[in-house]
Each structure stands twice: as C-alpha cells, then as structure tokens.
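> Structure incoming, see below.
What follows draws every value from the coordinates through simple rules; no lab data is involved. Only a predicted model underlies this, so the values are computations on that prediction, with no experimental measurement involved. Every residue, glycine as well, gets a Cβ built from its backbone with ideal geometry; the counts of neighbours run over all protein chains shown.
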Amino acid sequence: MADRYDSVETTYLLGALPTGGSVTIQIYRVSNGAAVTGTLTATEVASSGIYRWLTSGVTWPANDIYLYRFTDGTNYTEWYSYERGLGYPETIRTALDVTIGSRAVESGGLLTTVAGYVDTEIAAIKAKTDLIPAAPASETTLATVATYVDTEVAAIKAKTDLIPAAPASETTLATVATYVDTEVAAIKAKTDLIPASPASETTVAAVKAKTDLIPAAPASETTLATVATYVDTEVAAIKAKTDLIPASPASETTVAGVKAKTDLIPAAPASETTVAAVKAKTDLIGTSSVASQADVRDLSRRYRQETVTYATVPITGRGITQAMLDDGNVISYTKVDVSLTGNFGSPDFTYYVALYYAANGGLDYAVAGTSAPSP
C-alpha cells in the first residue's frame, strides 16, 4: 500500500541499510519512468541503520505516483511507492482551501483572527522547539538521564516531604528572614576574623593547654597594671645585674676553678672588725725595705747555738744505735740551743740532730726533742 500525501506536504522517506554507509535515494516517476533529480543524499538516524530523506530536497515534476529505494552503492532496499498530490489527501486539501476561503469571507474576518492566534501559538511553540538541539540525545542517553532524574526527584522529594502541611505564612517568613539577616550579619562579623589559613587542631590544642592555666577569676586590669610596674622595676634591676656580665663570660672550667677556691671560705668568715685588726698588724710591716735571706740567717745565728760532737756510745733517744757505731755510719751529732734573748746558758729550748748513712747508702738524719738526754 502506498503512502499518500498532498502536493504541498513535506515528509521524510525512510529506508534500512547497514550503518555507517554513504547512502542516496533513487526516485522514478511511474507514469513515464523518468528519474527525479535534485539533492538525493540520505542521513542516518543516530547510527541506527535507518536512513531518512526529506521530500523537499527536489522539485517534483507533477502530482503522480513515484517509486523509490535507498542504496549505498552495494546494498539496496526494497522499492517503495510515494503518491504525491493524488487521492483523498489532495481532494481534502483542495476542498478545505475552497471552504476555508469562502468561510473567511463569510465570517467577516474571523479566520484572520484565528490565524493571528495560530501565528502566536506557533511562535511560542517555535521558541520551545528552537531549544531542541540539532542532534538530540539518543534513547540510551535519555534512559540514563531518566535514571538521574528519578534519583534527583527522589532526593528532592525527601526534602519536600520535610515541608509541613501548613508551612509558615509569608509574615512569619518575613520575620524569620529579618532574624536570619541579623544573625547572618553577626556570624559573618565573627567569621571575618578567621584567618585564611587558621591554626591546625594541634596548634589549637596547644593553645588550649595554655589557656586552661588561666584561673577562673584572673587578675583585673588594675592589678595587671600594678604587676606591670613591678615587672618594669624588677626587669630594670635584673638588667643592671646582667649588664655586668661580660660579652664572653668565664667557661664552666673557670667557674669550677673559682668554686674550688670559694669552697675554702669558711661558713663564718672573719668579720670586718677582725680583718681590720689583722690589717693593723700587717701595717706595722715595713714597706720601704724587707729583711733579706742573709739577714734572716744572721738573725738565726743570733738566737741559735750549735755544738757538734761525735757519739762514742749508743744514744737510742737520739736515734744512734750500737750497730750504727760499729759500722761507722754516724757522721755527726749536733746539739742545737735556741734562745730568743741570746742567753745560751739558759736557752729557751734545745734539740739534737744526728747525721748518718742509711742502709741504702743514702744520707739521712734523726731529730730528737729537748726531752732527750744530752750527749
């Protein structure tokens, strides 16, 4: 059965061939077998293997029956018929044109009014259809979008289900909006103080550890001002001390040496009075000249008298034994009298010195006090 169209109607003719081919349409007029020429390239519908061709691509020679098929040069579709301007479509269109034309006159411009509405509606429809892209989404894409839509609609519904059946009135919402504006402004004033790179949780925890040490009732500004004054005074005093520290202070070794010396200072050292008394004594020492060693030796001669003898009998109190005498080890035996007044007849004390050769061959001596007997 042939498809019938009126002479002014435009439609797509369709055919199926392997996908991806370069397809054209072949058209012949049945009444004389003449080929129809013009733009005969067909377009594949979304890689489906279905090709379409729009009937406005050629100038039709007359109202007639036409045969057509699609080919990619190797494959061909079946022959199909296309009746243009014949039968009831053309008869109806012609009758309507006559009827509508006469009615337009009879109605006193009613059709003109209707045509105006139609133009308006068509313009509105066209504004919508212009939004449809030239290559709309495929059915697969639309199915994927539909899944997304279902998911999103479900999510939106979950939110809208939270809206109460009797939501707040506009007046209430306006009041709430005022509160929100005020609160948002207050919150923003706070958040504006947050730096672009705020402290990490670790830093905040460390700061909290410090602030936890602040008492519940910290000192007032007045107290802090008083403390600040004390601090300034104390800092100045401390600075006066630290200014005395040299740029290169003593090493630990030097400090340890100093400590070893200061450890010798008694827990209760001499008082200033005692030191003053000692100084009074030392001030009596001459400052212009000091006794020489010769003077000291001469002085020792004045107050000391030596009497050298040779022992012939053992004197154990002087360290002289019989064995020493037998071996001839005793060198000398000296009696030393000491008198601070120079009266050696009545010396202040007397001691004895015996020189002898020790067993190792070295020279040695023995000293005895005044309690020992005379030689």
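> Calculate one ³J(HN,Hα) per residue across the range 343-356 by plugging θ = phi - 60° into the Karplus curve 6.51 cos²θ - 1.76 cosθ + 1.60, and present them in order as whole Hz with x for glycine and proline.
After applying 6.51 cos²θ - 1.76 cosθ + 1.60, I find 8, 7, x, 9, x, 6, 7, 9, 9, 10, 10, 10, 9, 7 Hz.
> Which of the chymotrypsin sites (Phe, Trp or Tyr not before Pro) found in the range 29-91 are in a DSSP loop and have at most 13 neighbouring Cβ atoms, other than their own, within 10 Å?
The qualifying sites are Trp79.
> Hey, another quick one. In square nanometres and to one decimal, what's the mean projected area of the convex hull around the Cα atoms of the range 192-240?
6.1 nm²
> Quick one: what does P(r) look like for the range 138-236 with 10 Å bins over all Cα pairs, in whole %?
11, 13, 18, 21, 18, 8, 7, 4, 1
> Obtain the radius of gyration and the Kirkwood radius of the range 3-85 from its C-alpha atoms and give Rg over Rh.
With Rg and the Kirkwood Rh in hand, the quotient comes to 0.95.
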